[in-house]
Amino acid sequence: MSDKTVNQKETPTLWQLCWTYFLLGLTAYSMALLQQLKDLIARKGWLSQEEIDEGLAMVQLYPGPIFVNLATYSAYRIKGFFGAVLATFLFILPSYLLMLLLSWLYFRYGHIGWIHPILIAIEAMVVGIVLQVTIDFSSRYINGGKTALIAGIALILMLYGMNAFWIIIVAAVLGLFSLKTSQKNNGNIKEYEVVFPGKWQWRMVAIFLAGSIFVLLFVAGYIWHTESGELLFSMFKVGAVAFGNGMTIMPLLQQEAVVSHHWLTLKEFADAIAFGQITPGPFLITATFIGYKVSGVLGSALATVGMFYPSFFYTLVMSEVYGKIKNLALIRNALKGILAAFTGMLVFVLLSLGKVALINPATYIWAVGAFLAVRYWRINILWIFLIGVVAKLILYFK
């Protein structure tokens, strides 16, 4: 990119950047997050469409929720380290507060008579939506016999109770040695010079400080032998190794919250997924729900930090080194193996949730209706849940 192009960019104030990210976190849902983020930043002239697409390619190469990582990357490109810190915090804050409120209402009033039928309907709709996610994910990442085999191996290992983190390692190794991908630049992303605000030396100091916090959180969770410490360490592990968007990280969350630690029942986990869908901002705010169940407000904060901080740190590092490694075939091969494995792991989640949520013919109707609405009618997930809740209330009080 030429200096002329860089100079033509609009440079927002820190306040403008933070306010924009706060509003985005307050109003954007599900896949709309990606489109709204791209539209806002490109329309305001803060980054070009090509720069945003470059970031979107980058954030798929390392663990963490893709949309949050892209938001961090964009803020880092626009206003540097402090812009990335504040903008990411304000991007997550609205959904954290809303999920905290929903968690309190759920565990305090969830036993009320008319709440239970609504939750049953929501859980069934979650199954339909997860089915759509699984089909969509398989269409993108199962593109041959080898990727299908990796997905099948992942599913079998999940059924036999292997820890999901080891499955990711197995998938990466299988992808590394069995899959092939081109070393050429993928897609129509243009090559250009990457320019970050601030001097290189100061950016390295900032990344070193962020890395120190990363290590501190890991050590604190590892040696803090209380339920809160286990919660922090558990969510930190998920945030540190899980690839993709919120739905693809569900298997790891289920492994930690339901299978390993028994913090949530499968029913509560399905409800947590639903709340993650109906609140704006990143889907993985579901971690807040888990944390609140374990140790109240403190737990909600620990779980949220543990979930999102690792990928925040990764984004800072990858932003600086991505240009040098983005075309390495080995990196892409391992990633393809991991994404194929997540397809099999999503099937496991689908089977687990279906066993709990699909308890009578009516729940199958809710699940099928949600699947048709999201797959063929392209209705926003928020509206699917809201319409379902209103319909269930009408039927209940009729």
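The values are calculated or read from the model by the stated rules, or taken from the named source; none is laboratory data. This one's a predicted model, so the numbers in the text were calculated from it and none came from an experiment. Reconstructed Cβ throughout: ideal geometry from the backbone, glycine too, with neighbour counts over all protein chains shown.
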**Asked** When only residues in the stretch 369-385 that are among the hydrophobic types (A, V, I, L, M, F, W, C), closer than 30 Å to A151 by Cα and surrounded by fewer than 16 Cβ atoms within 10 Å (Cβ to Cβ) count, which is modelled with the lowest pLDDT?
**Response** L382
**Fill in**
Of the conditions (1) over 26 Å from L155 (Cα atoms); (2) surrounded by fewer than 24 Cβ atoms within 10 Å (Cβ to Cβ), the single one that I331 does not satisfy is (1)
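Taking the conditions exactly as written (within 26 Å of M158 (Cα to Cα), in a helix (DSSP H, G or I), under 19 Å from the mean Cα position of the chain (by Cα) and at pLDDT 90 or above), does F312 satisfy them or not?
Working: within 26 Å of M158 (Cα to Cα): no; in a helix (DSSP H, G or I): yes; under 19 Å from the mean Cα position of the chain (by Cα): yes; at pLDDT 90 or above: yes.
In short, no.
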**Asked** Does the stretch 89-111 contain any residue that is outside any helix (DSSP H, G or I), surrounded by fewer than 21 Cβ atoms within 10 Å (Cβ to Cβ) and modelled with pLDDT under 90?
**Response** yes
**Complete:** Considering the stretch 186-214, residues that are within 25 Å of the chain's Cα centre (by Cα) and under 19 Å from A329 (Cβ atoms), and then whichever is modelled with the lowest pLDDT, we arrive at I189
**Asked** What single numbered condition from (1) farther than 25 Å from A242 by Cα; (2) of a type in the set (G, A, S); (3) surrounded by fewer than 15 Cβ atoms within 10 Å (Cβ to Cβ) fails to hold for G388?
**Response** (3)
